[in-house]
1. Mind checking which pairs have a first residue in region 147-158 that is part of a helix (DSSP H, G or I) and a second that is away from ligand 2 (no atom under 16 Å from the Cβ) and at pLDDT 95 or above, Cβ under 8 Å, 6 or more apart or different chains?
2. Just a yes or no: is a residue in region 8-18 touching a residue at least 24 places away in the same chain (Cβ under 8 Å), farther than 27 Å from S131 by Cβ and either surrounded by 18 or more Cβ atoms within 10 Å (Cβ to Cβ) or of a type in the set (D, E) (or both)?
3. Among the residues of region 32-40, are any of a type in the set (S, T, N, Q) and either under 25 Å from D174 (Cβ atoms) or out of contact with any helix residue (DSSP H, G or I) (no Cβ under 6 Å at 6 or more places or on another chain) (or both)?
4. Yes or no: L118 assigned to a helix (DSSP H, G or I), open to solvent by less than 20 Å² (accessible area, probe 1.4 Å) and in contact with a strand residue (DSSP E or B) (Cβ under 7 Å, 6 or more places away or on another chain)?
5. If you check L130 against the conditions, is it within 15 Å of ligand 2 (Cβ to nearest atom) and closer than 27 Å to R172 by Cα?
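The values are calculated or read from the model by the stated rules, or taken from the named source; none is laboratory data. These numbers were taken from a predicted model, which means no experiment stands behind them. Cβ: placed from backbone, ideal geometry, glycine included. Neighbour counts: every protein chain shown. These area figures cover heavy atoms from the full protein model, side chains too; ligands, DNA and RNA do not enter into them. Shrake-Rupley method; radii C 1.70, N 1.55, O 1.52, S 1.80 Å.
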Amino acid sequence: GAASKPPVVFVLGGPGSGKGTQCERLAKEYGYVHLSAGELLRQERASGSSDGQLIDDYIAEGRIVPVAISLALLRKAMETSEPHSRFLIDGFPRNRDNMEGWDEAMGDVADIRSVLFLYCPEDVLEKRLLSRGKSSGRTDDNAETAKRRFQTYVEMTLPVVEEFQQKGIVPRVDGNQDIESVFRDVLLGLKSVHE
Ligand code: UP5
Ligand code: MG
């Protein structure tokens, strides 16, 4: 029954909105297991997987990798986590395909508790990504890919957020504040949905 399904919080927001930053903090202080779909894809690419080139191409173009790949990585990471873990799934589902793939594969085995949404204007996101790009080594932290990532986010991901919003499980947090203030609002937002 529902009680035995691992609880999942999806964390969505534009590229550079602070998903990773906030999830790391939640993981450290509240014991969530943080799974970044993007990070899992970058690791898979680095591992020499046969999907490596494909993943590389999609990421460099700011497009969404086919759901079979991202979902398999998430699923494996969940299955190899400690029993009774609570999960933060960062950067997924990014489009309708991702959502349908999740429902099909995970609908019966995991319980979506809420969808934490970080909003932030594009010019702020761009500044953050370009500044991180000086040292991140990420192939997508450049002006051109940042623009495409933002377009993909608006066209593909925002409609998914809206769909969850209609179910009333989306705390919206202003990501354009200092990290500490965002975290305070994240906690308030999660509290409002989970209590
Ligand atoms: N920073 C963070 N918070 C700040 C704040 N409040 N004030 C000032 N600075 C702040 O933060 C980004 C940068 O901003 C950092 O330098 C940070 O210090 C600073 P971060 O916490 O990393 O933001 P995040 O939202 O995690 O940004 P990220 O770049 O990871 O977001 P994306 O959604 O673009 O990247 P992701 O890794 O999720 O995906 C990358 C690509 O993988 C996608 O474009 C796509 O091609 C592919 N992908 C899929 O295809 N499918 C998936 O399911 C997932 C990914
Ligand atoms: Mg991230």
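1. The qualifying pairs are R148/E61; R148/R63; F150/E122; T152/R63; M156/N95; M156/R96; T157/N95.
2. If we filter region 8-18 for residues that are touching a residue at least 24 places away in the same chain (Cβ under 8 Å), which is where we start, we get 8-18.
Add one more test, that the residue is farther than 27 Å from S131 by Cβ, and what stays is 8-9.
If we keep only those that are either surrounded by 18 or more Cβ atoms within 10 Å (Cβ to Cβ) or of a type in the set (D, E) (or both) as well, we get 8-9.
Checking region 8-18: at least one residue is touching a residue at least 24 places away in the same chain (Cβ under 8 Å), farther than 27 Å from S131 by Cβ and either surrounded by 18 or more Cβ atoms within 10 Å (Cβ to Cβ) or of a type in the set (D, E) (or both).
3. Of region 32-40, the ones of a type in the set (S, T, N, Q) are 36.
Imposing the further condition that a residue be either under 25 Å from D174 (Cβ atoms) or out of contact with any helix residue (DSSP H, G or I) (no Cβ under 6 Å at 6 or more places or on another chain) (or both) reduces the set to 36.
Among the residues of region 32-40, at least one is of a type in the set (S, T, N, Q) and either under 25 Å from D174 (Cβ atoms) or out of contact with any helix residue (DSSP H, G or I) (no Cβ under 6 Å at 6 or more places or on another chain) (or both), which makes the answer yes.
4. no
5. no
Here's the yes/no breakdown for (1) among the small types (G, A, S); (2) surrounded by 12 or more Cβ atoms within 10 Å (Cβ to Cβ); (3) in contact with a helix residue (DSSP H, G or I) (Cβ under 6 Å, 6 or more places away or on another chain):
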{"position": "R128", "(1), (2), (3)": "no, yes, no"}
{"position": "T139", "(1), (2), (3)": "no, yes, yes"}
{"position": "E144", "(1), (2), (3)": "no, no, no"}
{"position": "T152", "(1), (2), (3)": "no, yes, no"}
{"position": "E155", "(1), (2), (3)": "no, no, no"}
{"position": "F164", "(1), (2), (3)": "no, yes, no"}
{"position": "R172", "(1), (2), (3)": "no, yes, no"}
{"position": "N176", "(1), (2), (3)": "no, yes, yes"}
{"position": "E180", "(1), (2), (3)": "no, no, no"}
